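For reference, the structure discussed in these notes is given below.
The values are calculated or read from the model by the stated rules, or taken from the named source; none is laboratory data. Keep in mind that what you see is a predicted model, and the values were worked out from it rather than measured. Don't worry about glycine lacking a Cβ; one is built from the backbone with ideal geometry, like all the others, and counts go over all protein chains shown. All accessible areas refer to the heavy atoms of the entire protein, side chains included, with ligands and DNA or RNA removed. Shrake-Rupley method; radii C 1.70, N 1.55, O 1.52, S 1.80 Å.
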Amino acid sequence: MGRVIRSQRKGAGSIFTARTHRRKGAAKLRAIDYSEREGYIRGLVKEIIHDPGRGAPLAKVQFRDPYRFKTRTELFIATEGMYTGQFVYCGKTAKLTIGNTLPISELPEGTVISNIEEKPGDRGSLVRASGNYATVIGQNPDEGVTRIRLPSGSKKLLKSNCRATVGMVAGGGRIDKPLLKAGRAFYKHRAKRNSWPRTRGVAMNPVDHVHGGGNHQHIGKASTVARSAVPGQKVGLIAARRTGLIRGSKVNKN
């Protein structure tokens with residue numbers, strides 16, 4: 001019997017859980033209410049803040065409560081061009097302006113959007129990473145669905161009453177700058193989770209990893225592994241449909 005390998009230990013959590021202590025909170029759209037379904041509600045961007053472990057900046061947006069005499073502060077994912085003191089509008093009749101949140105049924109084809117709801121009312125779950133954006137590529141009012149192109153290039157059909165924020169997520173170009181030294185990688189991962197430095201399997205002993213051992217650092221067997229493989233064996237290319245380089249130029253089918 002070999003040791004319990006790293007991928008098995010990660011499943012248990014323990015030292016591998018995310019470092020959430022200094023995080024500012026969950027970034028979500030407003031909970032859907034009457035004012036958003038039938039009209040709009042105005043919010044004021046009070047502050048743009050950094051959230052540790054997240055590439056995109058967050059915006060603290062203050063709304064007046066439609067039902068009680070109080071203000072409510074929401075944490076939105078900041079869009080490129082958002083600034084403090086800006087008024088943002090959420091709702092069906094809001095204008096098509098950067099930072100505003102509308103149902104995707106109200107957006108014309110070609111609109112750049114981010115922080116999109118996958119299901120109506122889930123408060124934003126798609127296209128939330130820094131510099132990312134999706135594009136509206138088609139509306140089908142008869143069936144009540146909208147087609148969008150995701151950052152990966154894949155296309156997705158969503159219900160037209162799902163909401164999205166107009167504009168791309170702020171903080172783009174973050175990965176263009178090289179880390180250059182180990183210290184920067186150390187602090188980057190310290191804010192996220194225990195996932196660095198990462199020892200290669202072939203550099204380990206046979207007791208520590210499936211790929212360990214041998215007189216040269218080589219895997220020694222096919223790196224593809226079945227989906228049904230036991231946990232201590234499940235490393236490498238899991239249930240790969242194909243492997244190797246993708247040959248030829250990419251064809252865009254629109």
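Values computed for the structure shown
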read-out: Cβ pairs under 9 Å, 6+ apart, first in region 32-48 and over 15 Å from LYS60 (Cα atoms) and open to solvent by less than 100 Å² (accessible area, probe 1.4 Å), second part of a strand (DSSP E or B) and of a type in the set (Gly, Ala, Ser); value: SER35/GLY91; GLU36/GLY91; GLY39/GLY91; ILE41/GLY91
read-out: Residue check, ILE15 open to solvent by 90 Å² or more (accessible area, probe 1.4 Å), aliphatic (A, V, I, L, M) and within 24 Å of the chain's Cα centre (by Cα); value: yes
read-out: Residue count, region 188-205 (criterion: among the hydrophobic types (A, V, I, L, M, F, W, C), in contact (Cβ under 8 Å) with a residue 40 or more places away in the chain and open to solvent by 70 Å² or more (accessible area, probe 1.4 Å)); value: 0
read-out: Tally, over region 103-133, of residues that are open to solvent by less than 40 Å² (accessible area, probe 1.4 Å), within 20 Å of ALA56 (Cα to Cα) and not charged (D, E, K, R); value: 9
read-out: Flag if ARG3 is surrounded by 13 or more Cβ atoms within 10 Å (Cβ to Cβ), under 30 Å from LYS234 (Cβ atoms) and modelled with pLDDT of 95 or more; value: no
read-out: Region 206-254 - residue that is β-branched (Val, Ile, Thr) and free of Cβ contacts under 8 Å to residues at least 24 places away in the same chain and, of those, nearest to LYS156 (Cα to Cα); value: VAL251
read-out: Residue count for region 98-151, restricted to those that are over 21 Å from LYS28 (Cβ atoms) and not β-branched (Val, Ile, Thr); value: 12
read-out: Residue tally, condition among the acidic types (Asp, Glu) and free of Cβ contacts under 8 Å to residues at least 24 places away in the same chain, over region 67-108; value: 1
read-out: Residues within region 134-158 that are farther than 24 Å from PRO57 by Cα, within 20 Å of the chain's Cα centre (by Cα) and among the charged types (D, E, K, R), tallied; value: 3
